[in-house]
Amino acid sequence: MPHPMPDIANTSASSVHHTLDWVGMSAIEIPLKIATKGMAATVINAKAQAFVNLIDTHAKGIHMSRLFLALDRLSNEASVTPAQLKTTLDAFISSHDDISDRARLSLSFELPLRRSALLSDNSGWKFYPITLDMQLNQGQLRVEAGVEVTYSSTCPCSAALARQLIQENFKRDFDAENLNFEQVLKWLGTTEGISATPHSQRSVAQTKVLLDAQLGEFDFVAIIDEIEQTLKTPVQTAVKREDEQEFARLNGANLMFCEDAARKVKAALDERADVLDFWVRINHYESLHAHDAVAITTKGLPQGYQP
Ligand SMILES: Nc1nc2c(ncn2[C@@H]2O[C@H](COP(=O)(O)OP(=O)(O)OP(=O)(O)O)[C@@H](O)[C@H]2O)c(=O)[nH]1
């Protein structure tokens, strides 16, 4: 008869007696079919973090395998919904009866969305980084979603400085008394005429939103669309020349500092009934400098997100 295997988590006691806020595993690889409103469940490859607290000051440790296996069951679901994630959190706690009373599950993944071109009849895939962080505490569920939207920002200061140079060149090249429409039109189409261009940069709006714990389904696309439609210059997928020209027009019509972007996103999220609280970090990865321009804002609730 084989010897029973030692079970340190159950039979050994901790020599230092403290409770712990979270114990578990991170970077667990798991494919899931995630449900988001208006779309067929999408297969995504997630990295998960699974945690419980440790309230038994004498228990040596938690049972990692029980969290892992409860999480693994999610990968068999035809579509992962908020209710199923809650069931997983319940299983984390019930499998740690007496030693844990809180559970946490975080998923990080990229949601592929097919996006239309600005004008041409084309489209292409864009992957949006998403994080889901769910916590269960005394039966109370907390659901937080994080999305990242990449967009272009053109500097309003740089645009004004470029316009000034163009005006100076215009004064130099033309005589106010003898303006010729055709000559001006031609000049406007040359690099000598439009002799300076403002700098733009690829920029990222990172957003965390607190959602109603009773929500029946996730709606990541609504949040992503809200931010993209607010900023107006999301990075594109398929681009023909007409799309590129429209992108140039949109950039020119939506010049922005990081402060402008942060204020606009804040105003948009303030209006959304499904967003109970939010945190936003705007990152403009400058082409003028090697450092970045950053603005951070929150809804400003007294007990809410801190900047
Ligand atoms: N608690 C804990 N376990 C760890 C850690 N690192 C590795 N493990 C291992 O995780 C494995 C799974 O632990 P358990 O869930 O207790 O496994 P088990 O005893 O076979 O499962 P149960 O019978 O359900 O308790 C064990 O072999 C642990 O040694 C750690 O830092 N903490």
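The values are calculated or read from the model by the stated rules, or taken from the named source; none is laboratory data. Please read these numbers as outputs of a predicted model, since none were measured by experiment. Glycine also receives a Cβ, built like all others from the backbone with ideal geometry; neighbour counts cover every protein chain displayed.
For the range 115-130, a residue qualifies if it is in a strand (DSSP E or B), surrounded by 15 or more Cβ atoms within 10 Å (Cβ to Cβ) and touching a residue at least 40 places away in the same chain (Cβ under 8 Å), and the qualifying residues are 115, 126, 128, 130.
Scan the range 20-61 for residues that are closer than 17 Å to residue 95 by Cα and touching a Phe, Trp or Tyr at 6+ places or on another chain (Cβ under 8 Å) and the total you get is 8. Between 70, 35, the distinction of being within 20 Å of residue 218 (Cα to Cα), in the same structural domain as residue 133 (by TED's automatic domain parsing), of a type in the set (A, V, I, L, M) and touching a residue at least 24 places away in the same chain (Cβ under 8 Å) belongs to 35 only.
Looking across the range 79-114, the residues that are part of a loop (DSSP other than H, G, I, E, B) and under 25 Å from residue 55 (Cβ atoms) come down to 95, 96, 97, 98, 99, 100, 101. If I filter the range 21-36 for residues that are on the phi > 0 side of the Ramachandran plot, of a type in the set (Gly, Ala, Ser), part of a strand (DSSP E or B) and away from the ligand (no atom under 13 Å from the Cβ), do I get at least one hit? Checked against the condition, which is being on the phi > 0 side of the Ramachandran plot, of a type in the set (Gly, Ala, Ser), part of a strand (DSSP E or B) and away from the ligand (no atom under 13 Å from the Cβ), the range 21-36 yields at least one hit. The number of residues in the range 60-87 being away from the ligand (no atom under 16 Å from the Cβ) and either among the acidic types (Asp, Glu) or touching a strand residue (DSSP E or B) at 6+ places or on another chain (Cβ under 7 Å) (or both) comes to 9. Selection over the range 37-59 of residues that are among the hydrophobic types (A, V, I, L, M, F, W, C), in contact with a Lys or Arg (Cβ under 6 Å, 6 or more places away or on another chain) and within 14 Å of the ligand (Cβ to nearest atom) gives a count of 1.
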